[in-house]
Amino acid sequence: MTPPTPPPAPDPLPLAGITVVSLEQAVAAPFATRQLADLGARVIKVERPGGGDFARRYDTTVHGESSYFVWLNRSKESITLDLKTDGGRAVLEELLGRADVFVQNLAPGAAARLGLGPEALAERFPSLIAAGLSGYGTSGPWSERKAYDLLVQCQTGLVSLTGNEHGTARAGVSVADIAGGMYLYSGILTALFTRATTGVARAVEVSLFEALAEWMHQPAYYTRYGGTQPPRIGTRHATIAPYGAFTAADGKEVLFSIQNEREWVALCERFLDRPELADDPRFATGSDRVAHRDELDALVAERFTRIDSVAAGKLLDEAGIANAGVNDMAEFLAHPVLEARERWHDVRIPGGARVPALLPPADLSGTAPRMDAVPAVGEQTESILAELGRTPAEIDALRAAGAV
């Protein structure tokens, strides 16, 4: 009997063979390098001897590990190096000599003082792509200022738009860090492509401020040309009505928005049971509906008091109006889309426990992303040093000197 044909092996990951050395901490740079690791790059994370990346201690909620660190650092290797020692610097130089990409998000000016600025690196390693992430850029009047996520949310005006009439609020996730990390990631991919096609290794620079500033273009235009900035209105929308979350009879909030005139007519006829409102001059156009938002929202809110969230969602679906329940985190974790599409995969964390992690959002046909373990501090130090040719005695000497 002919044995069954085994399934074809998945194609190699796109960045297999690429080595990244990252002198990284906190959120933004680790987020960028984790994307590279997902695609098959070897990411060697350089950490401080002892505590390592301070994000390891942001919290202890994931079996004793930080929720931030577990999210950001799977599939990496960790080596501890004290770059203030000759031995630690020598090891870093050897790693950079073998690397394709160097990533750092050190404090302002620290990389240059260590001889790790893009110009210095280009002289020693002409094929190395130097990628740096800063708070406000490496030039200009704020180049020496430290920055973190919420400071940047404040400086770009995002906090002034987030919240409601009772006050401002930070975005619920680290949007400045995520924006900076994603632009660093895409910049590195672009630099790798450029090097592959031209042979030139170009440095990449991203600042948290400029990354989030890009996301602020629409409200910036609205303010510049409209004369006032968009108001803080919770889940409502500055230029569309009705748009927002309404509380149904069962206490669950349901969010929906009207995007065009067809949907407005359908809402009046099939959800509000008030077909005459479609021609009401207060609500005749999108601008009219925004101008009379309070009156319109009151009509919609009253309808929601007479229907539960499931029935409301069904009616809105039947009317062709996009809608969603306002989920809490427990409901998100149990979301049927993530389960049905098998987006959760287990990864190992320090200590041996396994926790579910979401697959990267971009699916590449014929490949499966790497979902390897989150390293303990310095977990691969000895194996990396041995790879560089260090003998056990030499490794012991480096440890004794505090270099690793």
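Coordinate-derived values only; no laboratory data. Keep in mind that this is a model prediction, so the values were computed, not measured. Methodologically, a virtual Cβ is constructed for each residue, glycine included, from the backbone with ideal geometry; neighbour enumeration extends over all protein chains shown.
Note on the chain: GNM, Cα springs under 10 Å; of 311, 213, 248, the largest mean-square fluctuation is that of 311. Label reach from residue 165 (point 7 Å along Cα→C-beta): in segment 299-319, no amide nitrogen lies under 12 Å. Cα centroids of segment 230-257 and segment 78-135: 48 Å apart.
Using the beta-carbon distance between residue 332 and residue 311 and R0 = 22 Å, what value does 1/(1 + (r/R0)^6) give for FRET efficiency, to the nearest 0.05? Approximately 0.50, to the nearest 0.05.
Using a simple spin-label model with pseudo-atoms 7 Å out from Cα toward Cβ, residue 224 and residue 401 lie 5.4 nm apart. Set the Förster distance to 51 Å, then compute FRET efficiency between residue 216 and residue 123 from the Cβ-Cβ distance, nearest 0.05. Step by step, r from the Cβ atoms, then E = 0.85. Over the chain, dividing the summed -39,500 (n - 2.57) contributions of all DSSP H runs of at least 4 residues by the number of residues returns a 222 nm mean residue ellipticity of -10500 deg cm²/dmol. On full extension, the segment bounded by residue 270 and residue 60 gains 70.7 nm, given 0.36 nm per residue less the C-alpha separation. By the count of other C-beta atoms within 10 Å, a proxy for reagent exposure, 82, 177, 279, 59 are ordered fewest to most as 279, 59, 82, 177. When you filter the trypsin sites (Lys or Arg not before Pro) in segment 87-158 for DSSP loop state and at most 11 other Cβ atoms inside 10 Å of their Cβ, you are left with 146. Each of residue 146 and residue 235 was given a label point 7 Å from its Cα along the Cα-to-Cβ line. The distance between the two points is 3.8 nm. Counting only other residues whose beta carbon sits under 13 Å from that of residue 140, what net charge do I get with K and R as +1, D and E as -1? Charge balance near residue 140 sits at -2.
Around the amide H of residue 80, modelled in the peptide plane, lie the amide H atoms of 47, 378, 381, all under 5 Å away and 5 or more residues distant in sequence or on another chain.
Panel note: the C-alpha atoms of segment 262-404, placed on their principal axes, show extents of 86, 32, 30 Å (largest first).
State which stretch of the chain is the longest one without any exposed GluC sites (Glu not before Pro), exposure meaning a DSSP loop state and at most 15 other Cβ atoms within 10 Å. In short, 166-341. When each full DSSP H helix of the chain is screened for a Cα extent of at least 20 Å along its own axis and an average Kyte-Doolittle hydropathy of at least -0.5, the helices passing are 175-198. Applying the Kirkwood pairwise sum to the alpha-carbon positions of segment 243-325 produces a hydrodynamic radius of 12.6 angstrom.
Give me the count of lysine pairs in the chain whose alpha carbons sit under 25 angstrom apart, restricted to pairs 8 or more positions apart or on different chains. Within the chain, the lysine pair count is 6. Counting only C-alpha contacts under 8 Å and six or more residues apart, can you give the relative contact order of segment 243-325 as a whole percent? Result for segment 243-325 is 45 percent. Panel order for 329, 182, by other beta carbons found within 10 Å of each beta carbon, from fewest to most: 329, 182.
Shown for the chain is the translational diffusion coefficient from the Stokes-Einstein equation, using the Kirkwood radius over Cα pairs, a temperature of 25 °C and a viscosity of 0.890 mPa s: 100 µm²/s. Take each peptide in 152-160, 395-403, 191-199, count the other Cβ atoms within 10 Å of every residue, and average; sorted highest first, the result is 152-160, 395-403, 191-199. Could you calculate the FRET efficiency of residue 324 with residue 67 from 1/(1 + (r/R0)^6), where r is the beta carbon distance between them and R0 is 25 Å, rounded to 0.05? In this case the efficiency is close to 0.50.
Extending 7 Å from Cα along the Cβ direction at residue 197 and again at residue 255 yields two label points whose distance is 3.7 nm.
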